[in-house]
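Before any comments, here is the structure.
The values are calculated or read from the model by the stated rules, or taken from the named source; none is laboratory data. Nothing here was measured: the structure is a model prediction, and the numbers come from that model. Every residue, glycine among them, receives a Cβ derived from its backbone with ideal geometry; neighbour counts consider all protein chains shown. Surface accessibility is based on the protein's heavy atoms, side chains included, excluding ligands, DNA and RNA. Shrake-Rupley method; radii C 1.70, N 1.55, O 1.52, S 1.80 Å.
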Amino acid sequence: MTRQLMRHFPMAGIHVLAMPFPGRGHINPTMNLCKLLALTKPNILITFVVTEEWLGYIGADPTPPNLRFATIPNVIPSERLKASDFRGFSEAVVTKMEAPFEQLLDRLQPPVTAIIGDLELRWPIAVGRRRNIFVASLWTMSATFFSMLYRADISARVRRLPTNWFGHGDEVDQISGLSSTHKADLGKVFEENDSRVMEIILDCISRVPKADCLLFTSFYEFEPEMVEILKLELPFPIYTIGPAIPYFELENEPQVANNDGCNYQQWLDCQPADSVLYISLGSFLSVSASQMDEIASGLRNSGVRFLWVARGDAPRLKEQCGEKGLVVPWCEQLKVLCHSSVGGFWSHCGWNSTLEAVFAGIPMLTFPLFLDQSPNSTHIVEDWKLGCRVQRTKVGTETLIVKEEISEIVRRFMDLSSSEGKQMRDRAKKLKDICHRATFEGGSSRHNLDEFIRSISEGDTK
């Protein structure tokens, strides 16, 4: 039976229901968007829907009084099993969550007037159409990557390609409206990811024009040309409301003590300015144990200070990393990136991490692992010129970056005196200022958030 956690809240004119894709990289930005909505308009009621399993992970997080949780049953595989069968997980998400979601809609009071539905769920738009509820599709990756996939879907449908065309380089080369760089990146995405997963994502993309609007977690000045192109191509408003990261919570006291009692904040406070390389390779896919060992050896030999979030591998890697670094299982990433001692970020290039690095004004070493991360790496290095690639090569049966190369690239990347390093950091600081202005009163993201709230209000009066 569906369980709900409801705070008392007076009857509201606007009741927004937010339904994220069940994964950390989707739930976090959706929650940040909902917190911003709740803080901006305290008279709006927001219900945040997750599975019962996910409520156990996030239910204790503090939220504004007009933001509440509701749950649907665990009808999909456990989060702990997702990485081992992402195809099965994705299929379950798009086929098994819709029915309990609708059952929840029937019970919620006051009635829902707008749905913020993760685009990769596939079904929220159809649910909204059946019930005459305003639906905003939320895309938690870059506007550029959305455009690449949108064009791929259109091309496949116009040319009546079979659903298994993904990964064929000659077909990707024939997609119109994409630069050669985007075609190369898209070919790599199709080549390196499960074809069924890509098929599901493109099917989700194909349904977007039936939504009432599209939300991007980016900010306008980050991808202005792509946003303007999409505004001309899509039949509804587009709102860039990002960065959908917890920048509005930076003044809160950090929770810095890990399970082992290590206080990384105190450690960072003792390091020189811009001297620490922060390392995090994401919360979903992991690199192999042998690659982690190469990274540990390379970092130790580089002589560079580092803070490495290694999750379950942290206890094992601590012994290998020497005295210059600190290895922890978890940290508050944005607060770490904004610390004065941090001067670089070795990242898997997930979109949320990319936005946090931009907000903090930190250059990146790019190490993409999955889906949109390769295109993000290209943008970081080639378009925005905010970082360098960590290149992997074939070593036996594995594709690795070996410790000698790691030592060299880390030393070069963290060299504050080099002209390349100075240029990267100057660009990062300029983009940081642009990003911050977007979130201020009168900035593009604040304006778009107000416009989105207005569109919900108008939808409620129709």
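The angle separating the long axis of helix 289-302 from the principal Cα axis of greatest extent in the chain is about 50 degrees.
Using the Kirkwood radius built from alpha carbon pairs, what does the Stokes-Einstein equation give as D for the range 329-368 at 25 °C and 0.890 mPa s, in µm² per second? It diffuses with D of about 243 µm²/s by this estimate. Per residue, the convex hull spanned by the Cα atoms of the range 35-107 amounts to 104 cubic angstrom. Taking every protein chain into account, the accessible area of the range 359-462 amounts to 49 square angstrom per residue (probe 1.4 Å).
Carbon and sulfur atoms: what percent of the 1.4 Å accessible area of the chain do they account for?
Details: 9550 of 19360 Å².
Accessible surface attributable to carbon and sulfur in the chain totals 49 percent.
Relative to the longest principal axis of the Cα atoms of the chain, helix 351-360 runs at roughly 70 degrees. Rg of the Cα atoms in the chain, relative to 2.2 N^0.38 Å, amounts to 0.97. Protection proxy ranking, highest mean first, for peptides 340-347, 291-298: 340-347, 291-298, where packing is the per-residue count of other beta-carbon atoms within 10 Å, averaged. Computed as a quarter of the hull surface, the mean projected area of the alpha carbon convex hull for the range 40-155 stands at 9.0 nm².
Each principal axis of the Cα cloud of the range 69-126 was taken in turn, and the coordinate range along them, longest first, works out to 39, 20, 17 Å.
Peptides 191-200, 41-50, 55-64, 378-387 ranked from most to least packed by the mean count of surrounding Cβ atoms within 10 Å: 41-50, 378-387, 191-200, 55-64. Obtain the radius of gyration and the Kirkwood radius of the range 315-462 from its C-alpha atoms and give Rg over Rh. That ratio equals 1.07. Computed from the Kirkwood radius of its Cα pairs, the Stokes-Einstein diffusion coefficient for the range 367-439 at 10 °C and 1.306 mPa s stands at 113 µm²/s. Taking a Cβ cut-off of under 14 Å around Ser444, the surrounding Lys, Arg, Asp and Glu residues balance to a net charge of -4, with basic ones at +1 and acidic ones at -1.
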